[in-house]
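The values are calculated or read from the model by the stated rules, or taken from the named source; none is laboratory data. Bear in mind that the values here come from a model prediction, so they are computed numbers and not experimental data. Here the Cβ positions follow ideal geometry from the backbone for every residue, glycine too, while neighbour counts run over all protein chains shown. Just the protein is used for accessible areas: all its heavy atoms, side chains included, with ligands, DNA and RNA removed. Shrake-Rupley method; radii C 1.70, N 1.55, O 1.52, S 1.80 Å.
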Amino acid sequence: MSANEDLEEASNNMMMYCAACGIAGADDIKLKKCTACKSVRYCGVKCQKEHRPKHKKECKKRAAELRDEILFKQPECGDLGDCPICCIPLSIDAQKSILMACCCKMVCVGCNIANQKREVQESMENKCPFCRHPAPYNEKEVKINLMRRIEVNDPAAMRQMGQYCYYEGDHRGAFEYFSKGAELGNAGAHYLLASLYDKGEGVKKDEKKEVFHLEQAAIGGNPFARNNLANFETLNGRDDRAVKHCIIAAKLGHDDALESLKNVYGKGHISKEDFAAALRGHQAAVNATKSPAREAAEAFYQRQEKQQS
């Protein structure tokens with residue numbers, strides 16, 4: 001039997017017995033995992049407390065390893081996901097999609113402009129391209145629609161309302177909405193909440209909480225949070241972790257992360273293979289968001305800008 005097999009067998013045996021008293025798990029004795037490291041079990045709270053001084057150091061080490069396994073796993077897609085109409089991945093560029101306040105679905109500009117053109121051509125009422133709810137006439141109606149979504153615990157609506165509060169100067173209100181959205185798992189809300197902890201707006205400055213929410217946002221697929229974590233790790237001299245964050249962000253289509261990788265590649269801090277994979281991943285992520293309808297929408301906006309200038 002190899003050394004690895006011996007370690008695996010020993011680990012499995014440890015999970016069958018209480019780490020403190022050694023009693024075996026049975027039908028009448030339910031062993032519970034250590035919630036932090038998941039590597040040992042206890043028959044009760046008393047044994048867990050008694051074993052804590054011996055287990056503390058190893059527990060912290062293993063918990064950190066487990067956290068990093070989750071943190072540095074490449075997300076399948078960005079936190080915005082796909083447009084619910086064309087089912088093509090949404091761009092990370094905020095200008096290329098719009099949140100519908102009525103249903104809180106993020107729709108790409110291609111589908112939104114295509115819907116508006118059809119409504120004009122057929123003299124139809126302006127409605128949401130996804131749920132067909134009548135479009136709001138003003139900001140007041142937008143907020144009414146958002147509040148309806150908030151009442152049914154829609155995290156996207158909470159994030160959006162938090163942004164309204166922030167831009168109106170109500171930082172405490174923004175903090176409360178972002179917190180609620182983050183509790184429901186919205187990566188964007190985690191990212192915005194981290195920003196408040198960084199600036200001390202609406203809440204006391206707290207670097208640990210800032211990093212925690214950046215990590216939660218990054219795990220959820222937010223490339224901007226991932227890039228911020230890379231900057232944080234660079235400032236703290238942990239270049240290897242910074243490079244990992246940049247690779248993941250670049251593969252989600254983040255341009256600044258890719259530029260950072262170009263710089264560290266010149267310094268020899270990233271291998272040729274990893275850099276090439278990041279380049280390919282970035283291009284694939286950008287290409288995946290393209291469509292004829294989106295290109296037509298961008299051309300439409302460009303013509304509007306020329307007419308207004």
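Laid out as a table, the results:
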{"item": "Residues with amide H under 5 Å from that of Lys105, placed H, sequence gap 5 or more", "result": "Met100"}
{"item": "Identified option (computed Cα Rg over 2.2 N^0.38 Å; candidates [x] 1.25; [y] 1.13; [z] 1.48)", "result": "[x]"}
{"item": "Rough spin-label spacing in nm, given labels placed 7 Å along Cα→Cβ, for Ala299 and Lys262", "result": "2.8"}
{"item": "Those aspartates and glutamates that a straight Cα-Cα span of less than 13 Å connects to Lys127, excepting residues fewer than 8 apart in one chain", "result": "Glu119"}
{"item": "Point-charge dipole on Cβ atoms (K/R +1, D/E -1) for the chain, about Cα centre, debye to 20", "result": "600"}
{"item": "Nearby lysines by direct alpha-carbon distance to Lys33 (threshold 28 angstrom, same-chain neighbours under 8 apart not counted)", "result": "Lys46, Lys49, Lys54, Lys56, Lys57, Lys60, Lys61, Lys73, Lys208, Lys209"}
{"item": "Nearest 10 degrees, 0 to 90: helix 292-308 Cα axis against the chain principal axis", "result": "50"}
{"item": "Heavy-atom surface of the chain, accessible at 1.4 Å and reported per residue (Å²)", "result": "60"}
{"item": "Calculated on alpha-carbon atoms, Rg and Dmax of the stretch 57-133 in Å", "result": "19.6, 69"}
{"item": "P(r) histogram, all alpha-carbon pairs of the stretch 69-203 included - 5 Å bins from 0, percent", "result": "2, 10, 16, 20, 20, 15, 9, 5, 2, 1, 0"}
{"item": "Derived scalar couplings ³J(HN,Hα) [the stretch 68-78; Karplus, 6.51 cos²θ - 1.76 cosθ + 1.60; whole Hz; x for Gly, Pro]", "result": "5, 4, 6, 5, 9, 8, 5, x, 5, 7, x"}
{"item": "Restricting the stretch 37-97 to trypsin sites (Lys or Arg not before Pro) in coil, as DSSP defines it, with at most 14 other Cβ within 10 Å", "result": "Lys38, Lys73"}
{"item": "Surface share of carbon and sulfur [accessible, 1.4 angstrom probe, percent] for the chain", "result": "51"}
{"item": "Ellipsoid semi-axes in whole angstrom, largest first, where each is sqrt(5λ) of the Cα gyration tensor of the stretch 235-278", "result": "14, 12, 9"}
